[in-house]
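Just so it is clear, none of the values below were taken in a lab; they were calculated from the coordinates. Keep in mind the model is a prediction, meaning the values are calculated, not measured. Heads up, the Cβs are rebuilt from the backbone with ideal geometry, glycines too, and the neighbour counts pull from every protein chain shown.
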C-alpha cells in the first residue's frame, strides 16, 4: 500500500510556515496563506505526483497563492510587521559581527522575487533547478534574483567594506551562536 | 582573486545567516489552527468516501 501524501502534509507545516512568514513579512497574513495552501493541497492531492518532492509542491502552491493575492491587491502589500526600512544598522559592530535582527530587517526590504529566490536556494536548500521549476522561470532568472538579493544584502549591511574582512570564521561562529555575546 | 575570495566569504556568510533566520522560524511553535484544519479536512473526506 502506498502512503497517502495527505498524511505527510503535517510534516511540512513548519517549513511551509517559515517560508510564508519570510515571504509575507507579516505573521497573520502568513498564517492565512499557510491555511489556504493546506486546503488547496488537500483538495488537489491527486495532482501531486507520488515520488516527487512534496515540500516543493507545497511551496509552489504557497507562492502561487501569495502572488495571486498580491495581484488581486493590485500593489505590493505594505503591511509589514515592524518597521523594516528605517533604522537599519549601517555597519556591523566594530568587531565585525552582524546582528541577526539587522540581517532580518535588511532581508525584509528586498523585493518579493529576490526574497523568494534566496529563501528557496539560500535558506531551504532547494537547488536552482528546483527553485526555477517552482517559480516557473528559467534557472538563470533564479540565479540572477538570488545574486541581486545577496549583493543588496551585503550592501545594506556594509559587508563589502572593511567590516567584511574582519568576519573571520570565528566571528561567523559567534554570530551563529549568540548575537548578544558581544565582547567589549 | 583576493577580491573573489572575499566576495565568496561574504556570500557564504549571507547564506549562513539566511539559513539561521529561516531555521528559527521553522522551530517556532505551530498555531493549533493548522492541526485542527487538517483534522477537519480528514473528517470531511471520510464523510465523502462513505457516500
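Roughly how crowded by other chains is peptide B:25-36, in terms of the mean Cβ count from those chains within 10 Å of each of its Cβ atoms?
5
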Segment residue A:8-residue A:100, extension gain: residue separation times 0.36 nm, minus the distance between their alpha carbons: 29.9 nm
Net lengthening on full extension, residue B:19/residue B:32 (0.36 nm per residue, minus Cα-Cα): 2.2 nm
Cβ-derived FRET efficiency at R0 30 Å, residue A:147 paired with residue A:49, nearest 0.05: 0.45
For A:5-15, mean number of other protein chain Cβ atoms within 10 Å: 3
Two-site label geometry, residue A:39 and residue A:67: point separation in nm, points 7 Å out along Cα→Cβ: 2.2 nm
Two-site FRET efficiency, residue B:5 against residue A:133, from Cβ-Cβ distance with R₀ of 35 Å, rounded to 0.05: 0.65
Inter-chain Cβ neighbour average for residues A:28-40, partner chain, 10 Å: 2
Relative exposure of A:45, A:142, judged by other C-beta atoms within 10 Å (fewest first): A:45, A:142
A:115, A:6 arranged by Cβ crowding within 10 Å, fewest neighbours leading: A:6, A:115
